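A.B. asks: Here it is, the structure in full.
The values are calculated or read from the model by the stated rules, or taken from the named source; none is laboratory data. Predicted model, so just to flag it, every value in this text is computed and none were measured. Note: ideal-geometry Cβ built from the backbone for every residue, glycine included; neighbour counts use all protein chains shown. Side chains included, ligands, DNA and RNA excluded: accessible areas come from the protein's heavy atoms. Shrake-Rupley method; radii C 1.70, N 1.55, O 1.52, S 1.80 Å.
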Amino acid sequence: MCRFGKPAAAIVATLLMFGPVPVIALPLDTAAANRQPKASSTQHAGPRKSVQQQRAAPTAAAEAIAVIPGLPNVRFWADSPADFAQALPNTDGPWLALSGGGADGAYGAGVLVGWTRAGGRPEFSLVTGASAGALAAPFVFAGPSYDAQLREAFTSITAGDIFEVDKTAESFFNSWPLKKLIAKRVTPALLAAIAIEHRRGRRLFVVTTNLDAGRPVVWDMGAIAARGDDGALRLFRDVLLASASIPAFFPPVRIEVEAHGERFEEIHADGTVGSPFFVAPESWLTAAGSNALPTRQIYIVINSKLEPEFQVPEPSAASLLGRTFSVALKAAARAQIAIVESAARRDGRELEVAYIDQDFDKPSHGAFDQHYMQALFDFGLAQARNGTAFRSGKAIPGAQANDYQLWRQQ
């Protein structure tokens, strides 16, 4: 088993406790990292050390047209307005975008479950998810009857259910526990429920990052589910794993594709590498007088705090790096909200955003601390039940559309 000292553990705490939009970087010492629950080597069938295997790498030309064998229309480039337009839902209804956030995904789960209990939770015509949001999105899309599974997915896990402190050829940690957990949660019954909703015209999108192409990819998960066979189930699970795989910390996921009659493997990683959440291609959102957002209402759940927080980092490289990640990624979330808010106001649409308030101050004592996640779930649930979870996009701190428009004009 690979052991890491305090510097590595501090960075891991930043990324794994809070995902790509962290709240605070809390350093872990080596002992704390080693206290995280782990399965023994006899509890999983895979090798303790993954061996980096050669793959048939794609060319740029092949990558541009590559498709999944037998499923040619289940994905598109997230930066392609033309592909996005063809994949849109053909039912009316609000859209929901779920951000990354690691353990803080418990907040979004609480908001959705609380919304159900309060009454008035709409049927979303489009649900999108990235990273932790991708793991929640299938349950949200399938509807309130899956609220119990959604709650369990974000309140009953520990670090040992997500990763093993076991270095691989491609990463500092081994994510075989997360792969096993996804296989347990994503059942044929869930796939069948998603397929039914897809045939009704609703859409479920999950974002990954194609590391070969250097571009985000949107997967039409309902189209995959509609295939209904074992291969579709494996691909569905692999996409979720890829979307939550932080590069270098977790191994990327290899996905077989074909082009010009030949097959090769792509490598896919965390869907929030380019953006903390997905609503539409950025060019769609920023092109004045072009395509209007084809929905009247957009909801975004940010599994993080957004406002700057005072924190004195320790005088160490790990602490400073963790703090830098936290500041930069919060700023990225605010900037992306500003882009969507600008487009919504341009098109006369309503934008509502939920995020973790500053007054939530329960500390986390390790990666995927169950007590912390339960408290965060309860916090989101209470907000939704009393009607305070969502607020206008215009009111988001530092994410006003006017600020974004002024920046674009400079």
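A.B. asks: Kirkwood Rh, the range 260-365, all Cα pairs: how many Å?
C.D. replies: Hydrodynamic radius (Kirkwood, Cα only) of the range 260-365 equals 16.7 Å.
A.B. asks: Stretched out fully, how many nm does the piece from Asn291 to Lys167 gain, at 0.36 nm a residue minus the Cα gap?
C.D. replies: This chain segment gains 40.0 nm when fully extended.
A.B. asks: Label the range 74-149 by shape, choosing from rounded, prolate and oblate, from the square roots a ≥ b ≥ c of the eigenvalues of the Cα gyration tensor; if a/c is under 1.5 it is rounded, and otherwise prolate applies when a/b is larger than b/c, oblate when it is not.
C.D. replies: Here the range 74-149 falls in the oblate category.
A.B. asks: Moving on to the next point. With all protein chains present and a 1.4 Å probe, how do Ser316, Ser364 order by accessible area, largest first?
C.D. replies: These residues rank, largest area first, as Ser316, Ser364.
A.B. asks: Moving on. Taking all protein chains together and a probe of 1.4 Å, list Arg296, Arg203 from the most accessible to the least accessible.
C.D. replies: Arg296, Arg203
A.B. asks: While we're looking at this one, here's another question. Using a 1.4 angstrom probe on heavy atoms only, work out the carbon and sulfur share of the accessible area of the range 258-366 in %.
C.D. replies: The C+S portion of the solvent-accessible surface of the range 258-366 is 53 percent.
A.B. asks: If you don't mind, another one. What distance in nm separates the two pseudo spin-label positions at Gln358 and Glu152, each 7 Å out from Cα along the beta-carbon direction?
C.D. replies: Result for the modelled spin labels: 3.9 nm.
A.B. asks: Order these peptides, 331-337, 253-259, by their mean beta-carbon neighbour count within 10 angstrom, highest first.
C.D. replies: By packing density, highest mean first, the sequence is 331-337, 253-259.
A.B. asks: With all protein chains present and a 1.4 Å probe, how do His371, His198 order by accessible area, largest first?
C.D. replies: My answer, sorted largest first, is His371, His198.
A.B. asks: HN-Hα J couplings of the range 115-124 from phi, Karplus 6.51/-1.76/1.60, θ = phi - 60°, integer Hz, Gly and Pro as x?
C.D. replies: 3J(HN,Hα) across the range 115-124, in whole Hz: 4, 4, 5, 6, x, x, 5, x, 8, 7.
A.B. asks: Whole-Hz ³J(HN,Hα) for each residue in the range 365-373, computed from phi via Karplus 6.51 cos²θ - 1.76 cosθ + 1.60 with θ = phi - 60°, x for glycine and proline: what do you get?
C.D. replies: After applying 6.51 cos²θ - 1.76 cosθ + 1.60, I find 10, x, 5, 6, 5, 4, 5, 5, 5 Hz.
A.B. asks: Further, regarding this structure: Can you compute 3J(HN,Hα) from phi for each residue in the range 153-168, using the Karplus curve 6.51 cos²θ - 1.76 cosθ + 1.60 with θ = phi - 60°, rounded to whole Hz and x for Gly and Pro?
C.D. replies: Those phi angles translate into 4, 10, 10, 10, 9, 10, 4, x, 7, 10, 8, 10, 6, 8, 5, 10 Hz.
A.B. asks: Could I ask something else about it? To one decimal place, what Kirkwood hydrodynamic radius in Å is obtained for the range 66-202 from all pairs of distinct Cα atoms?
C.D. replies: 16.6 Å
A.B. asks: Please work out the average accessible area per residue across the range 335-389, using the 1.4 Å probe convention, and give it in Å².
C.D. replies: With the other protein chains kept in place, the range 335-389 gives 41 Å² per residue.
A.B. asks: Further question: Which semi-axes, in whole Å and largest first, does the equivalent ellipsoid of the range 188-325 have when worked out from the alpha carbon gyration tensor as the square roots of 5 times its eigenvalues?
C.D. replies: After scaling each eigenvalue by five and taking roots: 31, 23, 16 Å.
A.B. asks: Be a star and scan the range 295-316 for residues whose amide nitrogen sits under 13 Å from the point 7 Å along the Cα-to-Cβ vector of Val327.
C.D. replies: Hits in the range 295-316 for Val327 at 13 Å: 308-314.
A.B. asks: Hey, rough spin-label estimate for Asp378 and Glu307, points 7 angstrom out along Cα→Cβ, what's it come to in nanometres?
C.D. replies: According to this spin-label approximation, the distance is 2.3 nm.
A.B. asks: For Ile300, what residues show an amide H to amide H distance below 5 Å, using hydrogens built from the backbone and excluding near sequence neighbours?
C.D. replies: For Ile300, the qualifying residues are Ala97, Glu352, Val353, Ala354.
A.B. asks: Tell me, what is the per residue accessible area of the range 154-239 in Å², probe radius 1.4 Å?
C.D. replies: For the range 154-239, the solvent-accessible area averages 35 Å² per residue.
A.B. asks: For the range 291-347, compute the orientation-averaged projected area of the C-alpha convex hull (one quarter of its surface), in nm².
C.D. replies: Its Cα hull, projected and averaged over all orientations, spans 5.0 nm².
A.B. asks: Taking the range 153-247 as the region of interest, what is the percent of Cα-Cα pairs per 10 angstrom bin, listed from the shortest bin to the one with the maximum distance?
C.D. replies: Final binned percentages: 15, 41, 34, 9, 1.
A.B. asks: Continuing with the same structure: On the accessible surface of the range 122-188, probed at 1.4 Å, how many percent belong to carbon and sulfur atoms?
C.D. replies: The C+S portion of the solvent-accessible surface of the range 122-188 is 58 percent.
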